[in-house]
1. How tilted is helix 138-159 with respect to the longest principal axis of the chain? Cα atoms for both, answer in degrees (0 to 90, nearest 10).
2. Would you check the accessible area of residue 322, probe 1.4 Å, heavy atoms only, in square angstrom rounded to 10?
3. For 433, 154, give me the order by solvent-accessible area with a 1.4 Å probe, most accessible first, ignoring ligands, DNA and RNA.
4. Using a Gaussian network model of the chain whose springs link C-alpha atoms within less than 10 Å, name the residue from 76, 146, 62 with the highest mean-square fluctuation.
5. Can you work out the Karplus-derived ³J(HN,Hα) for every residue in region 306-313? Use 6.51 cos²θ - 1.76 cosθ + 1.60 with θ = phi - 60°, whole Hz, and x for glycine or proline.
6. Please list, ordered by chain and number, the residues whose modelled amide H lies under 5 Å from the amide H of residue 419; skip anything fewer than 5 residues away on the same chain.
7. Using a 1.4 Å probe on the protein heavy atoms only, what accessible surface does residue 203 show? Give it in Å² to the nearest 10.
8. Between exposed chymotrypsin sites (Phe, Trp or Tyr not before Pro) in the chain, where DSSP calls loop and at most 12 other Cβ atoms lie within 10 Å, what's the longest gap?
Amino acid sequence: MGQPERIEGSWGIEPVPPRLQVLGGIETGLLWGNLGVSLLVIVAGAILVPALSLPDALIAIGIGCVIGNLMLAAAGLIGADARVPGMALLRAPLGQRGALLPTGINVMQGIGWTTFELLVIATAAAALSDELFGFGAQWLWTLVFGACALALALLGPIGFVRRFIRRFAIWAVPLALVYLTWWAFDGAELGALWDAEGEGGLTVWQGADVVVGITVSWIPYAADYTRFSKTRRDAFWGTGLGYLVPDAWLLGLGAVLVLSRDVGDPAALPAAVVAGGLTAVLALFALLVTETDEAFANAYSAAVSLQNAFPHAPQALLVVLVTSVATLGALVLDFTGYQSFLLLLGSVFVPLFAVLLADWLAAGRHYSSDDVFGSAPWRPGLVGAWVVGFALYQWLFPTGPGWWTDVVGRLNPPDWGIGATVPAFVVSFGVALVVAVLSRREAEGVTS
């Protein structure tokens, strides 16, 4: 029994064998359901108000969750079909060298998200320990939970589901969600909150872009986990529904918390929660348990992404490297530019997924091992389709560092108020589908 456990934790970028495709729909759903429970999702919901009214914010959440989770579910299905991790999967549409472009971005994303998660966890743990014991010691909690994330990442997806989620998270998630929901609505004047006008500065479709941004940031990771799913059906429904429920719940909760409790700062949320007494302390502790899995997922996926560039590097070594860098970052950084970070991720990964989906459909809705590992060094047409979608997204909704938005702003972005997600996806998908179909017909003509 010892050997399979080691294999579960260290499987590389080659296709997963059938004996390790063991996660059914419920287990896949539990995995993604736990990944959806995060203080950072609450913070994303808090971004929407008071710029939008509460009804408009909920509409934006509904639109964004449907769009984002359909994309995430489809990415999970493709991962289960090809049985390889996300960045290796992109070798099929972008080419062996072309896939290194998103690989580099995804590694930075993984380290960045791990840092954010450790910041959130350490902030909450410091508030909790200060309430119980009279000391915060956020630096200590950063190190402790960095070590926890490392241990979980070394388990791998199968071990994580069966050793962590089934034993701990499955009870912690309902406790945290029920308390936070009660706390958000307790004493709130719902009629006044519902009738309050938005202050402006954000349209419903732009709000949906924020929601999609936090969801599609998981798309490059989806295959890292669904390659272990039993079937494509299990991967699609487990991923889509598993993430959808907590995603929508916590986004809506974040919007309500800003209006009912005036809590929109992620650094202030943990301290505000623990002020509610013993039940609040227990709920926050439960949330800390569930929050750790986001740090695990980001550290693990960043390490697996690095393996796409360095396939012979030991996965355990890469996990240690990524987790160490993220922990160091959490010790020296604070919360800044969260909304821009989400939207910048959306502008990269929405068109990237459109390209992947188009090429997969052109391949007959199936990627063989040769499609992934035998593709050309570059597929410039599909790389171009990705770039076009990214450029359109940024033109419609400039986001990112100040210097970047200043540059894009000189191009006179239109004020259409339709958001950027749908247009960027449609354009990238259309261009990629045409290129993929023509290139495959050309290849078939050459071989015949």
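1. It is inclined by approximately 40 degrees.
2. Around 0 Å² of this residue is reachable by solvent.
3. So, going from the largest accessible area down, we get 154, 433.
4. Residue with maximal mean-square fluctuation among 76, 146, 62: 62.
5. So the J values, rounded to whole Hz, are 4, 5, 5, 8, 10, x, 8, 6.
6. For residue 419, the qualifying residues are 206.
7. 40
8. Answer - 136-415.
The values are calculated or read from the model by the stated rules, or taken from the named source; none is laboratory data. The shown structure was predicted, so the numbers you read here are calculated from the model rather than taken from an experiment. Using ideal geometry, Cβ is built from the backbone for each residue, glycine included, and neighbour counts are taken over all protein chains shown. Heavy atoms of the whole protein, side chains included, go into the accessibility calculation; ligands, DNA and RNA do not. Shrake-Rupley method; radii C 1.70, N 1.55, O 1.52, S 1.80 Å.
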